[in-house]
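Take a look at the structure set out below.
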Amino acid sequence: MRQFLTIFLTILFLITSAFAQKSDVGIVIDKMITASGGEEKLLQLNNYKQTWNVEFMNSDKSGFDKRTVILPEYFKTEIIYPDKKEIRIVDKESGTKIFGDKTLQAKGPMLDAMRLQLMRLYHPLELKKRLKDLTMTQNNKQYILALKNGSIAVEYIVSKKTYLIEKVIGRLQMGPQQMEFLTRYEDYKSENGVLIPHKEVKFVGSMNTAIMTLKEIKFTK
């Protein structure tokens, strides 16, 4: 009888702790929504087009990134280098890469990397839809919201001071190795009432690969 009671109380404690954490995550996300401009303004980030100036850190060259986003399932980026162009498209669970006149169907780690690009663009309303799949830890200055989707995992690092996303870390498995992609968000400004970053600093592992500056954004329907 005592053993049964111990097991019951343990299960009850775990269930209560899980519900308490989901409540805490929900409170943080609600504050993120308010800080970003409110629910109505944030809905604009479900459909938009952006053009970014890109400084490639592995060379002295620069280019552009033209981005089309339709959350939660579609993402297209057109990366324009000085001497070539590359297009990446994620549509639901499929991915396509286009180099010049060559089209490649993305699979495995290549597809996972493209899916990470889409997931890192989830705004607070989109995260709220996935509340049951989110876990949260924290340090002195930040909340860390973790979301896993199959073989890929994303962490959204949120400032406790501003409730804006400061960084997004995406991880995927490539054979025996784990790849990490980090994007740092800076220079938040209001666009039609919603706060969005106007600067993205990108890393693969510890290597800074690009610095991007927002040139234009158009909200679409």
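Just one of (1) more than 28 Å from Lys66 (Cβ to Cβ); (2) among the charged types (D, E, K, R); (3) open to solvent by less than 30 Å² (accessible area, probe 1.4 Å) fails for Asp112. It is (1). The set of residues in segment 96-133 being aliphatic (A, V, I, L, M), in contact (Cβ under 8 Å) with a residue 60 or more places away in the chain and more than 24 Å from Glu200 (Cα to Cα) consists of Leu131 alone. Here Lys160 passes the criteria (1) in contact (Cβ under 8 Å) with a residue 60 or more places away in the chain; (2) out of contact with any Leu (no Cβ under 6 Å at 6 or more places or on another chain) except the one numbered (1).
Just to check your reading of the model, which residue among Asp187, Asp133 is out of contact with any helix residue (DSSP H, G or I) (no Cβ under 9 Å at 6 or more places or on another chain) and within 23 Å of Glu73 (Cβ to Cβ)?
On the way: Asp187 fails: within 23 Å of Glu73 (Cβ to Cβ).
Going through Asp187, Asp133 in turn, just one is out of contact with any helix residue (DSSP H, G or I) (no Cβ under 9 Å at 6 or more places or on another chain) and within 23 Å of Glu73 (Cβ to Cβ): Asp133.
When residues in segment 192-221 are screened for being closer than 21 Å to Leu43 by Cα, within 17 Å of the chain's Cα centre (by Cα) and among the small types (Gly, Ala, Ser), 0 of them pass. Of the residues Lys107, Lys102, which single one is of a type in the set (D, E, K, R), within 19 Å of Glu180 (Cα to Cα) and surrounded by fewer than 14 Cβ atoms within 10 Å (Cβ to Cβ)? From the options Lys107, Lys102, the qualifying one is Lys107.
One line per residue, one yes/no per condition, for (1) more than 14 Å from Val25 (Cα to Cα); (2) among the polar types (S, T, N, Q); (3) surrounded by 15 or more Cβ atoms within 10 Å (Cβ to Cβ); (4) in contact with a Ser or Thr (Cβ under 7 Å, 6 or more places away or on another chain):
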| site | (1), (2), (3), (4) |
| --- | --- |
| Leu118 | yes, no, yes, no |
| Leu125 | no, no, yes, no |
| Gly150 | yes, no, no, no |
| Lys161 | yes, no, no, no |
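Out of all the residues in segment 130-152, is one or more modelled with pLDDT of 95 or more, closer than 13 Å to Tyr185 by Cα and not in a loop (DSSP other than H, G, I, E, B)? No: zero hits.
For segment 92-103, does any single residue satisfy the condition of being acidic (Asp, Glu) and at pLDDT 95 or above? Reasoning before the result, please.
Going through segment 92-103, the residues acidic (Asp, Glu) turn out to be 93, 101.
Checking the rest, the ones that are also at pLDDT 95 or above come to none.
No, segment 92-103 contains no residue that is acidic (Asp, Glu) and at pLDDT 95 or above.
Of the listed requirements (1) in contact with a strand residue (DSSP E or B) (Cβ under 9 Å, 6 or more places away or on another chain); (2) under 23 Å from Gly205 (Cα atoms); (3) surrounded by fewer than 16 Cβ atoms within 10 Å (Cβ to Cβ), Arg88 misses just one: (3).
The values are calculated or read from the model by the stated rules, or taken from the named source; none is laboratory data. Keep in mind that this is a model prediction, so the values were computed, not measured. Backbone-built Cβ (ideal geometry, glycine too); neighbour counts: all protein chains shown. For the accessible areas, the whole protein counts, side chains as well, though only heavy atoms, and no ligand, DNA or RNA atoms are used. Shrake-Rupley method; radii C 1.70, N 1.55, O 1.52, S 1.80 Å.
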